[in-house]
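Q: After the structure tokens below, expect a handful of questions from me.
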Amino acid sequence: MNSVARSLLQSARRGGAAWLRSGSARSGERHLRKLVLGIETSCDDTGAAVVDDAGTVLGEALHCQKEVHLQAGGIIPVVAQQLHRENIEQVVKEALGASGVSVGDLAAIATTVKPGLALSLEVGLQYSLNLVSTHQKPFIPIHHMEAHALTVRLTHHVEFPFLVLLLSGGHCILAVAQGVSDFLLLGQSIDMAPGDMLDKVARRLSLRKHPECHSMAGGKAIEHLAQTGNRQTLVFRVPMQRYRNCDFSFSGLQHLVNKAIAQKEKEEGIQEGEILSCVKDIAAAVQHAVALHILQRTYRAMLFCMKNGILSSQNATLVVSGGVASNQYIRKGLQTLADANDFAFLCPPPRLCTDNGVMIAWNGIERLRAGLGVLHNTHGLRYEPKAPLGIDISKRVEEDSIKVPKLKKKIRWLAS
């Protein structure tokens, strides 16, 4: 481990990482219900929760590493792994304690095994398999993106099928959820995720030095500054408009933004690392371009699903989840797009959009009910850093070559 990683770990141990605990333990009929412990360590949050088969969150705990990784300007896998190792036992203990149950009361243990950072996934899987072996409990391996997609069914009454858009720092996916563990993949990012791109732009703009943003993650800082910026001062070309598919690309947009920032620095006579006077306008323009790209691909997915009878006009629903789904500007655009196309629009609450143990436990409940992927023998089970979601039908989408009408004609929000 290098000196930077050691320094960050020391900072975390002095209190640089945050805890969230909550509990809603209920007695009485609880022992009659099936309970699942969910454990999440796919990236930089250590989460655990106990959920019952009625959808009641009995207890949860979360150890967040955000402050630690902010100091480094990005996630250092070896640091994330060590912090998971140091905190996972306490997090699980907190979740069980808040729920008022013991491991012996559980029907199963569910844990994220794919996709994610290999070093982080390893910690969660190893700890969980030890629990499973010690207490002789069934094990339910969880696909992280499936869990994000199904979280909405914990908070809302949503029947299959529905269109789901997953936006985060590591993923950008459009899929149709046809059932538990039954997904049609319509499109995904071919390079980087929107959250990652926004974080990189924030670092290039040195937003940690901005007085309004010093404690904010990159994407949150962009959203905050964009609120008072003029997005029309700069116009960035929306990616992939020539390609009639549902895939995403953000690396080219990042390159254009970096060039614009360098040009503005030259015009203002400042060095890289200093704050531009037009930083709020850049933030607004970048956020708008990202939103437009996401809206255009989602619009095509809607049209594809309706044209091919994958979704019914009577109950079409768009579900949006993942960390970037908490961006209110992007969410407003998606809400307006859904309204204009007669889709119901649903998002889990913000705290369940980011990584957490609740969504893993709930996915475990869904799989337990359906009898899918519940293992009584875990021999040879491995984590998978890269893992597709469902059946890939993105080529069919491209073959349909659906032209998306101009969004300005459909969405007044774009002119505001």
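Read the figures in this text as sums done on the coordinates, not as results from a lab. Small disclaimer: the values here were computed from a predicted structure and weren't measured. Neighbour counts are summed over all protein chains in view; Cβ atoms, including those assigned to glycine, are modelled from backbone coordinates with ideal geometry.
Q: Going by alpha carbons, how many degrees (0 to 90, nearest 10) lie between the helix axis of 194-204 and the longest principal axis of the chain?
A: In the chain, helix 194-204 runs at an angle near 60 degrees to the longest axis.
Q: Continuing with this model, one more query. Can you find, among S394, L150, P161, the residue sitting farthest towards the positive end of the charge dipole of the chain, where Lys and Arg contribute +1 and Asp and Glu -1 at Cβ?
A: Result: S394, furthest along the dipole toward the positive end.
Q: Taking all pairs of distinct Cα atoms, average 1/r, flip it, and tell me the Kirkwood hydrodynamic radius of the stretch 183-246 in Å to one decimal place.
A: With all distinct Cα pairs of the stretch 183-246 included, I get 13.9 Å.
Q: Taking +1 at the Cβ of each Lys and Arg and -1 at the Cβ of each Asp and Glu, which of S42, P350, S206 sits farthest along the dipole of the chain towards its positive end, judged by Cα position relative to the Cα centre?
A: Toward the positive end, the furthest listed residue is S206.
Q: If you take the Cα atoms of the stretch 155-261, find Rg, then find the Kirkwood Rh from the mean of 1/r over all pairs, what is Rg/Rh? Walk me through the numbers on the way to the answer.
A: Details: Rg = 16.6 Å, Rh = 15.8 Å.
Radius of gyration over Kirkwood radius for the stretch 155-261 works out to 1.05.
Q: With bins 10 Å wide starting at 0, give me the P(r) of the chain over every alpha carbon pair, in whole percents.
A: Here the calculated profile for the chain is 5, 22, 30, 26, 14, 4, 0.
Q: Which Rg and Dmax, in Å, describe the Cα atoms of the stretch 307-416?
A: 18.3, 57
Q: Can you give me the pair-distance distribution of the stretch 336-396, C-alpha pairs, 5 Å bins, whole percents?
A: Over the stretch 336-396, the share of Cα pairs per 5 Å bin runs 4, 11, 10, 17, 23, 17, 11, 4, 2, 1, 0 percent.
Q: How big is the gap, in Å, between the Cα center of the stretch 329-363 and the Cα center of the stretch 111-132?
A: 26
Q: Here is a further query. Convex hull over the Cα atoms of the stretch 200-355, averaged projected area in nm²?
A: Over all viewing directions, the stretch 200-355 projects a mean Cα-hull area of 10.2 nm².
Q: Right, another one. What do the square roots of 5 times the Cα gyration tensor eigenvalues come to for the stretch 301-353, in whole Å, largest first, as semi-axes of the equivalent ellipsoid?
A: After scaling each eigenvalue by five and taking roots: 22, 11, 9 Å.
Q: Taking neighbour Cβ counts within 10 Å as the exposure measure, how do M216, M302, M197, M359 sort from fewest upward?
A: Arranged by neighbour count, lowest to highest, M216, M302, M197, M359 become M216, M302, M197, M359.
Q: Something else: Order 40-48, 110-118 from most to least packed using the mean count of other Cβ atoms within 10 Å.
A: Top of the packing list down: 40-48, 110-118.
Q: What's the center-to-center distance, using Cα atoms, between the stretch 204-221 and the stretch 154-202 in Å?
A: Each part's Cα centre sits 26 Å from the other's.
Q: With +1 on each Lys and Arg Cβ and -1 on each Asp and Glu Cβ, and nothing else charged, work out how big the dipole of the chain is about its Cα centre, in Debye to the nearest 20.
A: That gives the chain a dipole magnitude of about 880 debye.
Q: Gaussian network model of the chain, Cα springs within a sub-10 Å range: biggest mean-square fluctuation belongs to which of I173, I39, I261?
A: So, out of I173, I39, I261, the one fluctuating most is I261.
Q: Inverting the mean 1/r over all pairs of different Cα atoms, compute the Kirkwood radius of the stretch 105-207 and quote it in Å.
A: 15.9
Q: While we're on this one: What relative contact order, as a whole-number percentage, does the chain give when Cα pairs under 8 Å and 6 or more residues apart are counted? Don't skip to the answer; put the middle values down first.
A: Details: 850 pairs, mean separation 87.4, N = 416.
For the chain, the relative contact order is 21 percent.
Q: For F183, F345, what's the fewest-to-most ordering of other Cβ within 10 Å of each Cβ?
A: F345, F183
Q: Follow-up. How big is the stretch 221-286 by Rg and Dmax over its Cα atoms, in Å?
A: Spelled out, the Cα radius of gyration and Dmax of the stretch 221-286 are 13.2, 42 Å.
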